[in-house]
Amino acid sequence: MLRRNCLLLFLCFLFEQSSCAPFQSRPGQEWPHSQTGPSAAGRNGGSKGFQRVKRGWVWNQFFVLEEYMGSDPQYVGKLHTDLDKGQSAVKYTLSGEGAGTIFTIDQITGDIHALRSLDREEKPYYTLRAQAVNIETNRPLESESEFVIKVQDINDNEPKFLEGPYTASVPEMSPVGTYVMKVTATDADDPTYGNSARVVYSILHGQPYFSVDPKTGVIRTALPNMDREVKELYQVLIQAKDMGGQLGGLAGTTTINITLSDVNDNPPRFSKSIFHLRVPESSAVGSAVGRIKAHDLDTGKNAEVEYNIVPGDGGAMFDIATNEHNQEGIIMLKKQVHIQASNAHLDPRFHNFGPFKDTATVKINVLDVDEPPVFSKPSYAMDVYEDTPQGTIIGAVTAQDLDAGNSPVRYSIDWKSDLDSFFDIDPVRGTISTNELLDRESIAQHNISVVATKVNNPVLTSRVAVTVHVLDINEFPPELAMPYETFVCESAKVGQVIQVISARDQDLPQAGQRFSFKSPQEGVKTKNFTVRDFGNNTAGVVTLRGGFRRRSQEIYHLPVLIEDGGLQTLSSTSTLTIRVCGCDTDGSLLTCSAEAIFLHVGLSTGALIAILVCIVILLVIVVLYVGVRRQKKKETLMTSKEDIRDNVIHYDDEGGGEEDTHAFDMGTLRNPKVIKENLFRRDVKPELGLCPRRPIASQNSADISNFINQRLQEHDGDTSAPPYDSLATYAYEGEGSVAESLSSIESVKGETEEDYDYLNEWGPRFKTLAGIFGERSESQSDVTSSTTTENKH
């Protein structure tokens, strides 16, 4: 490489010392070019003609290695012009694909570097443009020139089989070199550079049965007479290696599953030479009385076997057929015969292997068996007209005993198939007759089962299905297909069809339904409507005049005569009700009510009903609301103010004063000794079965505090108390409380000195209260207090 660069420099020096840019890099390369232009003419003193001058700097392409892994930017090449005298007066610029992002140039020296690793398979080359400009004025010194940086390939891609794994087949017993298939591996490397994409094929697994062409990848058989019956499936592993298969090349593999397809190289063989069969004599002609099988190792059509009776062993008296599903021979015969089995499809290549058939002897003993009678047909079908008289014979069934005894046969109808006993059968002759009148409109088809029984062995029976078709007769007149709601617009014109009608008939004639329509008033001069028969089992109601008005007549009646097409024609007359209605301009129905004419507000009857329903609903809501409000006012005690955290029962009524002796027993507060036993609480309803209260331990004690404690214990253990807290107030307060007195009376030691005589002046309602405080004023040893106790149950 160094020697080549030196030679190039020497040649440049010989031809023109100042015009050749030095070749600085292996990838860079210069090619001689010439250029003519105004700039050259100016340098020759302003000559009038253009002179051929040498271009200051030329090149064609650079190369850069792909997958460069160095830490520094990869050097690509150097740009240089003869106008660059080394005085830093020239600046080099670079533009185009990857300029500034992938490739960068030193503006002073012209050195080009690649900033990152490149992949040739992603992009094989980049087209860029370079220009030399004056570093001070940025004016071009040379015209812009284009060059290419090619990404030089390295062997970084292994060959790949894009369609693998593969499947193939080849006939068994094929000669050596028989074509199997061709595989192809692709290499993403550059096929024009080096051997990176030169692929060589080889077999890693599958020898010595198969071989592969190293250049084309064609797989062929390498071993003769490979037998499918010995081994059917072969798995071959093919390798594709680049670099021409040399050491260091990359390789890819694929699997080929090769199946040996069958050829007819094996004759059928019986498992034994003599077969013994026992056949009941009751077997019908053509039924299978025995089965034999010859085995063939081949598959598919090559294993199909044809069975034949050896000529001279029965002739037309015996027969044998082949079951296509399991290749068995089905024998139909009555004496000893010889059976021959052979292949259906012969391969002439293997005739030298011997005859492709085998022979066996079959001995059959025919046994007599008592069998049920056999009907002459597998099923019977009979026809009878409806309303046929009772006892009419509609058909017959026949069965016989095929055994040697030839027993007589008796017939009967299975009662489960004829629950209503519509039919009867002669037990000897098998004739079937009607037992009831038949109606096609009720049951159009009867399915009965006839049983045949042997006289000498009633256990042996056989059955046959008999289908009786009930034929129709014309017995029902036609009628309108539906109840029509016909209307005529007030704006209807003469001859307008206002309704299309059709008919129906319960009968079902064999020729199909055929109806005709007409108005029974055709002979009479009518002036409103008529019926027009369209001839396709439909008719139309046609107006004969216009100017219909609901005010004058709202409803018209039109009789319609309908006839059917039966042999005995039946007819009926139906009446159409025609209402006069109001319609819009396109004939759409608006209203048919005569009262609607007088409703100037334009509200229909349905709208008025809806408004009345809404008003009734609003009145019901108001009544319910008022009822709920009244019910809330009658709620029980503590319904709206109950709080389980409170200890106070709220009463909304005022006490009756000293005359009120029902709410609380005031005498108990005056004298503890008058407490009665088993006194229940007055604020709740006592429950039955409650245990009575324990008697007070000491009723003679003068200490009222003991009395209060006992009452507290009674309240705590009282199960008849309500589930909410209650307040019990007593005229005694204990001493020693940190919170001092909680009583609203605010009792203190000096409270006994207060004069309560003014209570006598407040009237009779305070007489009792004045008496209580008067007694306490006289007895200074008693202290008036109030205690609040919380009982939670």
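The values are calculated or read from the model by the stated rules, or taken from the named source; none is laboratory data. This structure is a prediction, so every number in the text was calculated from the model and none was measured. Glycine also receives a Cβ, built like all others from the backbone with ideal geometry; neighbour counts cover every protein chain displayed. When the accessible area is computed, the model is the full protein with side chains, heavy atoms only, and any ligands, DNA or RNA have been set aside. Shrake-Rupley method; radii C 1.70, N 1.55, O 1.52, S 1.80 Å.
A few comments on the model shown:
- When the stretch 495-522 is filtered for residues that are closer than 18 Å to His557 by Cα and either more than 53 Å from the chain's Cα centre (by Cα) or open to solvent by 60 Å² or more (accessible area, probe 1.4 Å) (or both), the ones remaining, listed by number, are Gly495, Gln496, Val497, Val500, Phe517, Lys518, Ser519, Pro520, Gln521, Glu522.
- Restricting the stretch 427-437 to residues that are crowded, with 17+ Cβ neighbours inside 10 Å and not polar (S, T, N, Q) leaves a set whose member that is nearest to Val384 (Cα to Cα) is Ile432.
- Filter result (open to solvent by less than 60 Å² (accessible area, probe 1.4 Å), modelled with pLDDT under 85 and assigned to a strand (DSSP E or B)) within the stretch 242-282: Phe275, Leu277, Val279, Pro280
- One residue stands out in the stretch 438-473 among those that are among the charged types (D, E, K, R) and open to solvent by less than 60 Å² (accessible area, probe 1.4 Å): the one that is nearest to Val374 (Cα to Cα), namely Lys454.
- Inter-residue pairs, beta-carbon under 7 Å, first of a type in the set (S, T, N, Q) and in the stretch 377-389, second outside any strand (DSSP E or B) and surrounded by 12 or more Cβ atoms within 10 Å (Cβ to Cβ), 6+ apart: Thr388/Leu438
- You will find that of Phe476, Phe487, the residue that is farther than 30 Å from Val374 by Cα, open to solvent by 50 Å² or more (accessible area, probe 1.4 Å) and either at pLDDT below 85 or outside any strand (DSSP E or B) (or both) is Phe476 and no other.
- Within the stretch 135-190, the residues that satisfy the criterion of being open to solvent by 40 Å² or more (accessible area, probe 1.4 Å) and either under 44 Å from the mean Cα position of the chain (by Cα) or among the aromatic types (Phe, Trp, Tyr) (or both) are Lys160, Leu162, Glu163, Pro165, Thr167, Ser169, Tyr179, Thr184, Thr186.
- Count of residues meeting criterion [open to solvent by less than 60 Å² (accessible area, probe 1.4 Å) and touching a helix residue (DSSP H, G or I) at 6+ places or on another chain (Cβ under 8 Å)] in the stretch 541-565: 1
- Search result, residues across the stretch 167-224 that are under 18 Å from Val263 (Cα atoms) and either among the polar types (S, T, N, Q) or in the same structural domain as Asp347 (by the TED database) (or both): Ser169, Ser174, Thr178, Thr221
- Residues that are touching a Ser or Thr at 6+ places or on another chain (Cβ under 7 Å) and among the hydrophobic types (A, V, I, L, M, F, W, C) within the stretch 425-451 comprise Ile425, Leu438, Ile448, Val451, listed in sequence order.
- Qualifying residues in the stretch 57-77 (those that are of a type in the set (A, V, I, L, M) and either open to solvent by less than 40 Å² (accessible area, probe 1.4 Å) or at pLDDT below 80 (or both)) - the one farthest from Asp153 (Cα to Cα): Val58
- Answer residue from the stretch 455-464, given it is of a type in the set (Val, Ile, Thr) and part of a loop (DSSP other than H, G, I, E, B) and is farthest from the chain's Cα centre (by Cα) among those: Val455
- Restricting attention to the stretch 423-445, the residues being of a type in the set (S, T, N, Q) and farther than 16 Å from Gly395 by Cα number 1.
- Qualifying residue in the stretch 78-86 (condition: open to solvent by less than 70 Å² (accessible area, probe 1.4 Å), assigned to a loop (DSSP other than H, G, I, E, B) and assigned by the TED database to the domain that holds Val236): no
- Of all residues in the stretch 531-540, those satisfying the criterion of being closer than 15 Å to Pro478 by Cβ, part of a strand (DSSP E or B) and open to solvent by 30 Å² or more (accessible area, probe 1.4 Å) are Asp533, Thr538.
- Selection count, the stretch 283-329, where residues are open to solvent by less than 30 Å² (accessible area, probe 1.4 Å), more than 30 Å from Leu460 (Cα to Cα) and at pLDDT below 75: 1
- Within the stretch 167-225, being without any contact (Cβ under 8 Å) to a residue 60 or more places away in the chain, farther than 30 Å from Gln152 by Cβ and outside any loop (DSSP other than H, G, I, E, B) holds for Tyr179, Lys182, Ile203, Leu204, His205, Phe210, Ser211, Val212, Val218, Ile219, Arg220, Thr221.
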